[in-house]
Amino acid sequence: QVQLVESGGGLVQAGGSLRLSCAVSGSTFVINAIAWYRQAPGKQRELVAAISSDDSTHYGDSVKGRFTISRANAKNTVYLQMNSLKFEDTAVYYCNLGSLYGSVWYADDYWGQGTQVTVSI
């Protein structure tokens, strides 16, 4: 059974940094594409960043230049380094298994439980 477990969320001041982790089990990680989504209260879930098995990446416009997605195949883990955090980055962050074709993400039905990121002004 495929499982995705996020960690690394917390409370940070605006301008600060956090690194989120998504640990994947029950799947052939090296061939998986993984994405990070976020959902703020009252808003739709939005794609933040995605990385394919060949390390191709895609970022949402609101995080370009501030967030970096990477993967460690030996640890079956994908990371989201978040720098220069803004109040509007406050959300629950989820990782998702899927496919990345160019700049289009196709989500499968595997999601983590989410990790809360709160940015204070």
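For TYR110, the solvent-accessible surface computed with a 1.4 Å probe is close to 100 Å², ligands and nucleic acids excluded.
Taking every alpha-carbon pair under 8 Å whose residues sit at least 6 apart, the range 27-115 reaches a relative contact order of 30 percent. Per-residue surface analysis assigns LEU85 an accessible area of about 0 Å², computed on protein heavy atoms at 1.4 Å probe radius. Here the gap between THR28 and ASN73, fully extended at 0.36 nm per residue and compared with their Cα-Cα distance, gives a gain of 15.2 nm. Sequentially through the range 72-84, phi angles give Karplus couplings (6.51, -1.76, 1.60; θ = phi - 60°) of 10, 4, 5, 10, 6, 9, 10, 10, 10, 7, 10, 10, 6 Hz, Gly and Pro residues having no value and appearing as x.
Starting from the amide H of ARG71, placed 1.01 Å from N in the peptide plane, find each other amide H under 5 Å away whose residue is 5 or more places distant or on another chain. Amide H neighbours of ARG71, under 5 Å, 5+ apart: TYR79. Taking 17 Å as the cut-off, the amide N atoms of the range 100-121 that come nearer than this to a point 7 Å along the Cα-to-beta-carbon line of SER56 belong to 100-108. Sorting TYR59, TYR101, TYR93 by solvent-accessible area of protein heavy atoms yields TYR101, TYR59, TYR93, largest first, with a 1.4 Å probe. Extension gain for LYS43-GLN3 works out to 11.9 nm (0.36 nm per residue, less the C-alpha to C-alpha distance).
Simple point charges give the picture: +1 on the Cβ of Lys and Arg, -1 on the Cβ of Asp and Glu, and for the chain a dipole about the Cα centre of about 260 debye. Only lysines eight or more places from LYS86 in sequence, or on another chain, were considered; those with a Cα closer than 28 Å are LYS43, LYS64. Subtracting the Cα-Cα distance from 0.36 nm times the residue separation, let me have the gained length for ARG19 to ALA107 in nm, one decimal. Between ARG19 and ALA107, full extension yields an extra 29.4 nm. Once backbone amide H atoms are built at 1.01 Å from N, GLY16 has LEU85 as its partners under 5 Å, excluding neighbours fewer than 5 places away on the same chain.
The values are calculated or read from the model by the stated rules, or taken from the named source; none is laboratory data. Just so you know, these numbers come straight off a predicted model, no measurement behind them. Ideal geometry is used to build each Cβ from the backbone, glycine not excepted, and the neighbour counts take in all protein chains shown. Quick note on the areas: whole protein, heavy atoms, side chains included, nothing else; ligands and nucleic acids left out. Shrake-Rupley method; radii C 1.70, N 1.55, O 1.52, S 1.80 Å.
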